[in-house]
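Working notes, beginning with the structure itself.
The values are calculated or read from the model by the stated rules, or taken from the named source; none is laboratory data. Note that this is a predicted model, so its numbers are computed, not measured. Note: ideal-geometry Cβ built from the backbone for every residue, glycine included; neighbour counts use all protein chains shown. Ligands, DNA and RNA are stripped out before the accessible areas are found, and what is left, the full protein with its side chains, is counted by its heavy atoms. Shrake-Rupley method; radii C 1.70, N 1.55, O 1.52, S 1.80 Å.
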Amino acid sequence: MSYYIGIDLGGSSVKAVAVTPKGETLSKQNVDFDAAEKRQWAECVAEIIRDIETEQGKAAQGVGLSAPGLAASDERSIACMPGRLHGLVGLNWTNFLQRERPVPVLNDGHAAVLGEATLLNGRAAENLFMLTLGTGIGGGAIVNGQLLRGHIGRAGHLGHISLDPSGEPDICGTPGSLEDAIGNCTIEKRTDGRFQTTHDLIAAHLTGDGFATEVWLKSVKALAAGVAGLINVLDPETVIIGGGIARAGDALFKPLREHLDQMEWRPTNAKVRIEPAKLGELAGAHGAARRAAT
């Protein structure tokens with residue numbers, strides 16, 4: 001049976017899936033790496049592919065990769081990625097992984113929304129956007145049935161909208177961005193060093209820690225404001241929330257929906273659906289595998 005491998009390179013881990021042409025998942029992995037170690041992430045990707053191909057007993061039909069940053073127009077590398085994963089920009093993954101078939105490279109948000117888009121009600125969604133909440137805030141949008149790429153592939157970087165023009169610039173120079181308001185990249189700063197991860201913050205919130213609750217609910221309110229604004233720009237049928245932080249479940253979605261009841265503009269009583277990603281943290285990997293299969 002032929003299969004494809006999808007790789008999603010994040011800020012601190014590599015997620016991977018092996019899927020058949022019909023979308024059946026044969027294998028999945030989630031491996032952490034030390035971002036401080038020079039290009040450990042690249043070796044991690046190569047090792048995961050070797051492991052999957054050994055497990056399956058034959059080479060994959062194709063490999064696709066998603067990563068943060070702008071994908072090059074030829075889809076062979078990441079052309080721009082400010083601030084993280086030094087060495088990623090310009091790395092030709094087809095050459096690095098020594099593959100005969102080209103390895104398509106996508107922005108991680110684009111890959112995630114591609115992975116999720118066909119899962120809504122068993123049909124391809126025409127208008128939706130997705131936010132992936134993790135180290136940073138990724139995103140992607142399907143508009144009138146097409147992936148929104150924009151002029152240079154920058155479209156879909158929804159985490160870099162500004163919520164506070166007086167705020168500090170994020171890694172893209174956006175003041176007071178959505179990414180900095182809820183992304184794991186700023187959790188220590190937002191909690192005065194008390195929490196190392198958003199998962200720890202949420203756990204403390206759920207045990208009744210007043211400080212944690214204040215910080216977490218402020219973060220969710222910022223997310224709701226960003227979503228409400230993006231709804232007005234993109235007019236989606238559905239908004240998908242994925243990434244590691246989305247594992248919080250009701251601790252995230254309940255206050256998010258409550259805020260949107262106050263913030264969302266609903267002409268003709270139209271209400272946008274807010275849905276958790278069905279593929280969870282593996283959405284980007286599935287989207288990369290889907291791209292490899294085309």
**OP:** Output the residue which, of all residues in region 117-138 that are open to solvent by less than 10 Å² (accessible area, probe 1.4 Å) and at pLDDT 90 or above, is farthest from residue 156 (Cα to Cα).
**Re:** 133
Subject >> Matching residues in region 182-194 - criterion: being open to solvent by 30 Å² or more (accessible area, probe 1.4 Å) and among the polar types (S, T, N, Q) >> reply: 184
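Okay, residues lined up against (1) of a type in the set (Phe, Trp, Tyr); (2) under 27 Å from residue 50 (Cβ atoms); (3) touching a strand residue (DSSP E or B) at 6+ places or on another chain (Cβ under 6 Å):
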position: 82; (1), (2), (3): no, no, no
position: 89; (1), (2), (3): no, yes, yes
position: 113; (1), (2), (3): no, no, yes
position: 136; (1), (2), (3): no, no, no
position: 140; (1), (2), (3): no, no, yes
position: 156; (1), (2), (3): no, no, yes
position: 165; (1), (2), (3): no, no, yes
position: 171; (1), (2), (3): no, no, no
position: 176; (1), (2), (3): no, no, yes
Original post:
Restricting attention to region 188-197, does a residue exist that is touching a helix residue (DSSP H, G or I) at 6+ places or on another chain (Cβ under 8 Å), of a type in the set (Lys, Arg) and farther than 29 Å from residue 111 by Cβ?
Top reply: yes
Original post:
Within region 1-12, which residues are open to solvent by less than 10 Å² (accessible area, probe 1.4 Å) and either of a type outside the set (Phe, Trp, Tyr) or assigned to a strand (DSSP E or B) (or both)?
Top reply: 5, 6, 7, 9
Subject >> Counted residues, region 232-261 - those being open to solvent by 30 Å² or more (accessible area, probe 1.4 Å) and part of a helix (DSSP H, G or I) >> reply: 10
Original post:
Hey, residue 223 hits all of (1) part of a helix (DSSP H, G or I); (2) modelled with pLDDT of 95 or more; (3) farther than 22 Å from residue 167 by Cα but one; which does it fall short on?
Top reply: (3)
Original post:
Failed condition for residue 84, given (1) of a type outside the set (Val, Ile, Thr); (2) more than 18 Å from residue 283 (Cα to Cα); (3) modelled with pLDDT of 95 or more; (4) open to solvent by 20 Å² or more (accessible area, probe 1.4 Å), with all others met?
Top reply: (3)
Original post:
In region 195-207, what residues are part of a loop (DSSP other than H, G, I, E, B) and crowded, with 21+ Cβ neighbours inside 10 Å?
Top reply: 195
Subject >> Qualifying positions in region 176-208 - within 19 Å of residue 166 (Cα to Cα) and either in contact (Cβ under 8 Å) with a residue 40 or more places away in the chain or small (Gly, Ala, Ser) (or both) >> reply: 176, 177, 178, 179, 181, 182, 183
**OP:** Considering only region 55-81, state which residues are assigned to a loop (DSSP other than H, G, I, E, B), under 19 Å from residue 170 (Cα atoms) and in contact with an Asp or Glu (Cβ under 9 Å, 6 or more places away or on another chain).
**Re:** 68, 69
Subject >> Single residue of 167, 229, 210, 156 found to be small (Gly, Ala, Ser) and either open to solvent by 70 Å² or more (accessible area, probe 1.4 Å) or at positive phi (or both) >> reply: 156
Subject >> Options 179, 275, 264; residue that is under 21 Å from residue 130 (Cα atoms), buried (at least 21 other Cβ atoms within 10 Å of the Cβ) and touching a helix residue (DSSP H, G or I) at 6+ places or on another chain (Cβ under 8 Å) >> reply: 179
Original post:
Any residue at all in region 110-131 that is acidic (Asp, Glu), under 17 Å from residue 277 (Cα atoms) and over 13 Å from the mean Cα position of the chain (by Cα)?
Top reply: yes
Original post:
Any chance region 25-41 includes a residue that's of a type in the set (A, V, I, L, M) and surrounded by 19 or more Cβ atoms within 10 Å (Cβ to Cβ)?
Top reply: no
Original post:
Among the residues of region 20-54, how many are assigned to a strand (DSSP E or B), hydrophobic (A, V, I, L, M, F, W, C) and within 18 Å of residue 291 (Cα to Cα)?
Top reply: 1
